[in-house]
Structure formats: C-alpha cells, structure tokens
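To start, the structure under review is shown below, and the notes come after it.
Just so you know, all these numbers are worked out from the coordinates, no wet-lab data involved. In this text, all values refer to a predicted model and were calculated from it rather than measured experimentally. Using ideal geometry, Cβ is built from the backbone for each residue, glycine included, and neighbour counts are taken over all protein chains shown.
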Amino acid sequence: MDKKVICSASHYAQKYYFSPEFNGIPAAIKNEIKEICIITAEKLRGIFTMGFYENGEIFFEVRSEGNDYNFDEIGAPLEIKRIELEKKELLKALKLWYKFFMTEEGRTIIEKMDERNNAPS
C-alpha cells in the first residue's frame with residue numbers, strides 16, 4: 001500500500017520536513033503535527049515520520065540512523081500508543097480531511113456541493 005509522508009523529524013539532523021502536498025491542512029493543525037514529530041523524534045532519539053496510507057489511515061514510523069545505541073526502540077511503540085490516545089480527535093479530523101480533500105470520492109462530493117451552491121434559485 002502506498003504511503004504519503006505528511007511530516008518527518010530527525011533527532012540527528014535537528015530538522016523536520018513537512019510535505020508541500022499537505023499545505024492545505026489548516027495552520028494550527030500543521031503546527032501541532034510538526035510539534036508531535038519533533039518532540040517524538042527528540043524523545044526517542046531517532047527519526048519520526050507521520051503520514052497517510054492511500055486509504056486515508058494514518059501511519060507512524062520510528063527508526064534510528066545506523067547502530068545508534070541511544071535510540072529508544074522499546075519506548076517507540078509505547079510512545080505511538082500515547083500519541084494515538086492523546087491526539088485521538090486530531091487524528092480523527094486528519095483522516096476526515098484526507099478523505100475529503102485528497103481522494104477522488106471527496107473531490108466528487110466537493111464538486112457536487114459547489115454545483116448546488118452555484119445553482120440559480
């Protein structure tokens with residue numbers, strides 16, 4: 001299944017990447033996503049990535065660079081579970097946003113709504 005990265009942060013490079021493909025996400029939500037990625041990468045001392053599968057489900061990936069003994073491999077699944085619980089509403093809204101704005105079905109719905117709004121009364 002294809003993956004689309006929303007955001008990724010690296011503890012090693014002290015940098016993050018936010019995909020321009022998702023610039024349509026509201027600014028406050030983008031900032032929250034960046035914060036999640038940066039804090040998690042630092043906490044686990046690795047590289048943290050958040051994205052969408054093509055069906056709209058959200059994925060998280062955590063990895064180390066090389067044989068880094070400081071990387072928290074045991075804590076990674078626990079941290080992802082914590083994010084899923086604490087950010088439940090955000091993740092739900094992101095899935096809805098993706099299905100509405102990034103899928104063909106969603107674009108069809110938007111077009112139909114535009115047609116209804118622009119129809120003469």
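Specify the residue with the greatest mean-square fluctuation among Ile36, Ile25, Ile58, computed from a Gaussian network of the chain linking alpha-carbon atoms under 10 Å apart.
Of Ile36, Ile25, Ile58, the most mobile in the Gaussian network model is Ile25.
Along the stretch 34-40, what does the Karplus equation 6.51 cos²θ - 1.76 cosθ + 1.60 (θ = phi - 60°) give for ³J(HN,Hα), rounded to whole Hz, x for Gly and Pro?
4, 4, 4, 5, 5, 5, 5
What whole number of Å gives the distance from the Cα centroid of the stretch 7-71 to the Cα centroid of the stretch 77-121?
20
Just to be sure I understand: with springs between alpha-carbon atoms less than 10 Å apart, which residue in Asn55, Asn70, Asn31 has the highest mean-square fluctuation in the Gaussian network model of the chain?
Comparing Asn55, Asn70, Asn31 in a Gaussian network model of the chain, the most mobile one is Asn70.
Using the count of nearby Cβ atoms within 10 Å as a rough guide to exposure, how do Tyr12, Tyr98 rank from fewest to most? Kindly include the intermediate steps, with their values, before the conclusion.
Details: Tyr12 14, Tyr98 22.
Taking fewest neighbouring Cβ atoms as first place, the list is Tyr12, Tyr98.
Report D for the chain in µm² per second (integer): Stokes-Einstein, Kirkwood Rh on Cα pairs, 25 °C, 0.890 mPa s.
Details: Rh = 15.7 Å.
Calculated translational D: 156 µm²/s.
Tell me, Thr40, Thr108, Thr49, Thr103 in order of fewest to most beta-carbon neighbours within 10 Å?
Working: Thr40 23, Thr108 10, Thr49 20, Thr103 14.
Lowest count first: Thr108, Thr103, Thr49, Thr40.
Would you kindly derive the ³J(HN,Hα) couplings of the stretch 51-65 from the backbone phi angles with the Karplus curve 6.51 cos²θ - 1.76 cosθ + 1.60 (θ = phi - 60°), listing them in order in whole Hz, with x for Gly and Pro?
Result, rounded to whole Hz: x, 10, 7, 4, 8, x, 6, 8, 10, 10, 10, 10, 8, 9, 9.
Would you mind getting me the FRET efficiency between Asn118 and Leu96? Use the beta-carbon distance for r and R0 = 25 Å, nearest 0.05. Intermediate values should be presented prior to the final figure.
On the way: r = 24 Å, r/R0 = 0.97.
That pair, Asn118 with Leu96, gives E of 0.55.
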